[in-house]
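This report refers to the structure that appears directly beneath it.
The values are calculated or read from the model by the stated rules, or taken from the named source; none is laboratory data. Bear in mind that the values here come from a model prediction, so they are computed numbers and not experimental data. Don't worry about glycine lacking a Cβ; one is built from the backbone with ideal geometry, like all the others, and counts go over all protein chains shown.
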Amino acid sequence: MAAPPRGRLHRWAVILCALWVGGCATYTDKLRQSHTAAQRGDYEAGVRALNDILDVTSPEQLPDEWKASKPLVVLERAMLLQAQGQYKWSARDMSAAEAELEFLDLKQDTAGNIGKYIYSDSARTYKAQPAERLALNALNMLNYLAMNDLQGAGVEARRFTIAREYLESSSQKVKKRSSGAFGSYVAGFVFEKSGEPDRALRYYAETLGAGDLKALREPVLRLSAQGHYMGQELKAYLRKLEESGSGVKSRPAAADPNGEILIMLGLGRVPYKTPKRMAVGAAVIYAGLWVTGDTDILTRSIFKFVAYPELVTPESEVTGATVNVNGRDLPVELLTDLSAEISTEYETIKPRIIAAALTRMIARAAAAEGARYLAGKKEKSGGTLAALATEAALTSLDKPDTRSWTFLPARVYVCRARVEPGQHDVRIELLGKARQTRTIQVQVPPGGYGVAVITEPR
């Protein structure tokens, strides 16, 4: 005996809703194997999992095509390669992916354009958030410094400047306590060691917003005795040091024969995106004036929740570090909190993302009403079923894009020390659940430098 119309409709509704909730695997779903491997410190296994996604067999290979998420996956691999000390291939990956990326314009983009990108757009090439884009060049500078390649680091410093100037020209203000401070500090170090004190001072001055770092004070005092650049912020900073007596005590001779060690630590992982649901009523209030269309039509929709990408903070296995050089403990200072920067940028556009989801939901409901009207001319139950099928089919194709640079370090720390020429033991103790101690041998030539880069994206 055939089921009554109401029973058939109920079963269809359940089936269609299951299709909507199930959907396709998200970006973070696809990276789960790599994330799991990295979380236990097996970065080599993490790279292998990423190679599978890229359809390559070796980290020395790049994908044949740069469609959709490929540039982003290459950036993920670059971080795990840096964590393994494979700076050559990490640098190659970052440079190759950079050429394929675009900016996600957080300031000027309309709700409609952001919605077009955020929803059903995984086939499009990934657009990097400003914090991600600026961090890319800063991290690549570290790759070249670790290889003792000042020329390559200088190229990345100039790329960083171009990217930052673009953001500023498009009215996207880059906060001084952001990834901009990270890139500016490393660029300052690059040009300091390249013998360009004025250019180095300009970059260091841009880092002053990160606070009175001890790792900033000594090089600024030294370079101010060599260079001629003296911006207003730098003048105020030097005056403050002189008044406190720090300038007199700390200012080294310009012709100091000793060398220097720079230790940079990228620890943890930034928040990543995952699909979440919000009740329609709450979404309308949250999105406010960004919503376009008549929200009253949603009262007839079978879907009472809006799907959108939300940030989730992963549990950090490495929460901090101590540094000891030749038996001397050194201060480890926070240079950049990339987690905070990523979260702030996302909160800026979240109302527009919710509005885009609602606007598209209204369009689906309108299409369903059209199907209901046409089919209802023949049979009332058929019109209802047609509306359900239309709305569910459109919804199943409208999934939030959860792509983001998931292996970007949550926090970047800096440590710096003047040392005599020769070989030095740098002992780094990682803190947190994955507590461990590493000892690195750093060779410093007379008047030169050595760099230790520690990356733990877990």
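Look at Glu76 and say whether it is modelled with pLDDT of 90 or more and not in a helix (DSSP H, G or I).
Answer is no for this residue.
Report whether or not Ala200 is among the hydrophobic types (A, V, I, L, M, F, W, C) and either modelled with pLDDT of 95 or more or in a loop (DSSP other than H, G, I, E, B) (or both). Spell out the reasoning first.
Details: among the hydrophobic types (A, V, I, L, M, F, W, C): yes; either modelled with pLDDT of 95 or more or in a loop (DSSP other than H, G, I, E, B) (or both): yes.
Answer is yes for this residue.
Hand me the list of strands (runs of 3 or more DSSP E) wholly inside the range 401-455 holding 2 or more residues that are under 27 Å from Tyr27 (Cβ atoms).
Working: elements: 411-419, 422-431, 436-444.
The qualifying strands (runs of 3 or more DSSP E) are 411-419.
I'm told Leu267 meets every condition in (1) at pLDDT 80 or above; (2) over 30 Å from Arg360 (Cα atoms); (3) out of contact with any strand residue (DSSP E or B) (no Cβ under 6 Å at 6 or more places or on another chain) except one. Can you identify the failing condition by its number?
With respect to (1) at pLDDT 80 or above; (2) over 30 Å from Arg360 (Cα atoms); (3) out of contact with any strand residue (DSSP E or B) (no Cβ under 6 Å at 6 or more places or on another chain), Leu267 is out only on (3).
List pairs: first residue in the range 130-157 and acidic (Asp, Glu), second residue in a loop (DSSP other than H, G, I, E, B) anywhere in the structure, Cβ distance under 7 angstrom, at least six positions apart or on different chains.
Glu132/Trp405; Glu132/Leu408
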